[in-house]
Amino acid sequence: MKSVLVIGIGQFGRQLSVKMSELGNEVMVVDTDEEKLQDVLPHVTSAEIGDCTNEDVLRSMGVRNFDVCFVCVGDSFENSLQITSLLKELGAKHVISRASSDVHAKFLLRNGADEIAYPERDIAHKLAVQNSTNSLFDYFELTEDVSIYEIPPIESWVGRTIKEVNVRVKYQVSILATKVGEKVSPLPSADHVFTADEHLMILGDYTHVARLLKLIDTKRI
């Protein structure tokens, strides 16, 4: 469990706050809009009305005591930059700031952000990847090039084992887990036999995974 401060309760800030709270963290939210705070208050530990571009307001919150501080201000980059800088000056341990462009990210990092969140870009990328094929159920990006993908097995794999197909060598991906319905079985052995009704969680470079998805879409090996 972590102690979390979320500054700025727009759509992104609200969703982040609620999810962090659901995961068992202590979440404090801050915004200048009382109505937004009332909406999220039932889901978080505490909420305060305040202008975090004011150093005294931030200081009164004891930002040093939070494990992570999220700057989710989306309507003013200047305010986001100022809050990020003030948080680090006041001793915040880890600051994650929202950015809408690489230029914004560069300035935020120079002014104290430890990490950058790109909610709009990440959603756009995910939608683009998912809708470029009929065979991708979901994916989670680890780096710019490597992700975890949820896909069906190739038709010719069904009834054969991972070892027989020689997945890692032939397709240059690793199978992290199999999924049937809601049941996930991690790290399947080399003797695991593929079935038609399962999904595969694979780790790989998108270049290799794209080739695999193309084979699945066209139903050929």
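Here are some notes:
- Search result, residues across region 173-211 that are assigned to a helix (DSSP H, G or I), out of contact with any strand residue (DSSP E or B) (no Cβ under 7 Å at 6 or more places or on another chain) and surrounded by 12 or more Cβ atoms within 10 Å (Cβ to Cβ): H208, A210, R211
- Every residue from region 41-80 that is within 19 Å of F107 (Cβ to Cβ), within 22 Å of the chain's Cα centre (by Cα) and among the hydrophobic types (A, V, I, L, M, F, W, C): C69, F70, V71, C72, V73, F77
- All conditions in (1) at pLDDT 95 or above; (2) in a loop (DSSP other than H, G, I, E, B) hold for T84, with the sole exception of (2).
- Among the residues of region 158-172, those identified as surrounded by fewer than 17 Cβ atoms within 10 Å (Cβ to Cβ) and touching a His at 6+ places or on another chain (Cβ under 8 Å) are T161, Q172.
- The set of residues in region 38-54 being buried (at least 19 other Cβ atoms within 10 Å of the Cβ) and either more than 17 Å from T84 (Cβ to Cβ) or not assigned by TED's automatic domain parsing to the domain that holds T84 (or both) consists of V40, V44, A47.
- The test for being under 16 Å from S147 (Cβ atoms) and assigned by TED's automatic domain parsing to the domain that holds D145 holds for V173.
- Y139, sole failed condition from (1) assigned by TED's automatic domain parsing to the domain that holds R211; (2) in contact with a Leu (Cβ under 6 Å, 6 or more places away or on another chain): (2)
The values are calculated or read from the model by the stated rules, or taken from the named source; none is laboratory data. Computed from a predicted model, the values in this text were never measured in an experiment. Backbone-built Cβ (ideal geometry, glycine too); neighbour counts: all protein chains shown.
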